[in-house]
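The values are calculated or read from the model by the stated rules, or taken from the named source; none is laboratory data. The shown structure was predicted, so the numbers you read here are calculated from the model rather than taken from an experiment. Cβ placement follows ideal geometry from the backbone for every residue including glycine, while neighbour counts extend to all protein chains displayed.
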Amino acid sequence: MIDPRGEPWGLAHVLIAVKDGESDVDALKLGYGVARKSRGRVTVLYVVEVPQALTLDAEVPEAVAKGEAALQFAEQLAADYDLEVDGEIIQARQIGPAIVDEVMVRHADLVIMTARLHRKPGEFDMGKTVPYVLINATCRVWICRAPIGADQRNPYRSSAMTTVK
């Protein structure tokens, strides 16, 4: 794949971090399109966050089932792109460091993930995971955020355009 300046991106391995399947559609489509164009490999990663109260290898069947459903959805969508993907569920204490570790272990050239906005009065907050990956990943990071609904908009936001009478 080539960027607008004509330089090759060299995206041999794309890692897509998923959360729950359907909300990851934009990230999956973007990753699959890039991988198909660059003839790269794709790993779809689901991280089960294990609480400190449990051992890291503790059985968490509900979370693993959610991950399996997300990976199954990702694999079904990959068929539309004529791609085979490696799906992986891992358990970790925190999602961000787990994604960054997988990027390094797998020598990924690009990580794609989704972001959800967390509303706090007067703040723009993307949680812990996205900023951690943006700061620490050793490769390109692309973030997909779905459009926000009217109920999620900041009521204190000023309009960029005003009418003068």
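Are any residues in region 76-93 of a type in the set (S, T, N, Q) and surrounded by 14 or more Cβ atoms within 10 Å (Cβ to Cβ), and if so, which ones?
Start the filter on region 76-93 by keeping residues that are of a type in the set (S, T, N, Q), which leaves 76, 91.
Hit for region 76-93 is Gln91, nothing else.
Considering Phe73, Phe124, which residue is among the aromatic types (Phe, Trp, Tyr) and loosely packed, with under 12 Cβ neighbours inside 10 Å?
Phe124
Just one of (1) loosely packed, with under 15 Cβ neighbours inside 10 Å; (2) modelled with pLDDT of 80 or more trips up Thr114, so point out which.
(1)
Do we have any residue at all in region 46-57 that's at pLDDT below 95, under 22 Å from Ala146 (Cα atoms) and surrounded by fewer than 16 Cβ atoms within 10 Å (Cβ to Cβ)?
no
Given (1) within 26 Å of Lys29 (Cβ to Cβ); (2) in contact (Cβ under 8 Å) with a residue 40 or more places away in the chain, where does Ala79 come up short, assuming only one miss?
(2)
Could you tell me which residue of region 125-161 is modelled with the highest pLDDT, considering only residues that are in a helix (DSSP H, G or I) and more than 26 Å from Gly10 (Cα to Cα)?
So the residue we want is Ala150.
Would it be correct to say that Val105 is without any contact (Cβ under 8 Å) to a residue 24 or more places away in the chain and among the β-branched types (Val, Ile, Thr)?
Values: without any contact (Cβ under 8 Å) to a residue 24 or more places away in the chain: yes; among the β-branched types (Val, Ile, Thr): yes.
For Val105, the condition - without any contact (Cβ under 8 Å) to a residue 24 or more places away in the chain and among the β-branched types (Val, Ile, Thr) - is met.
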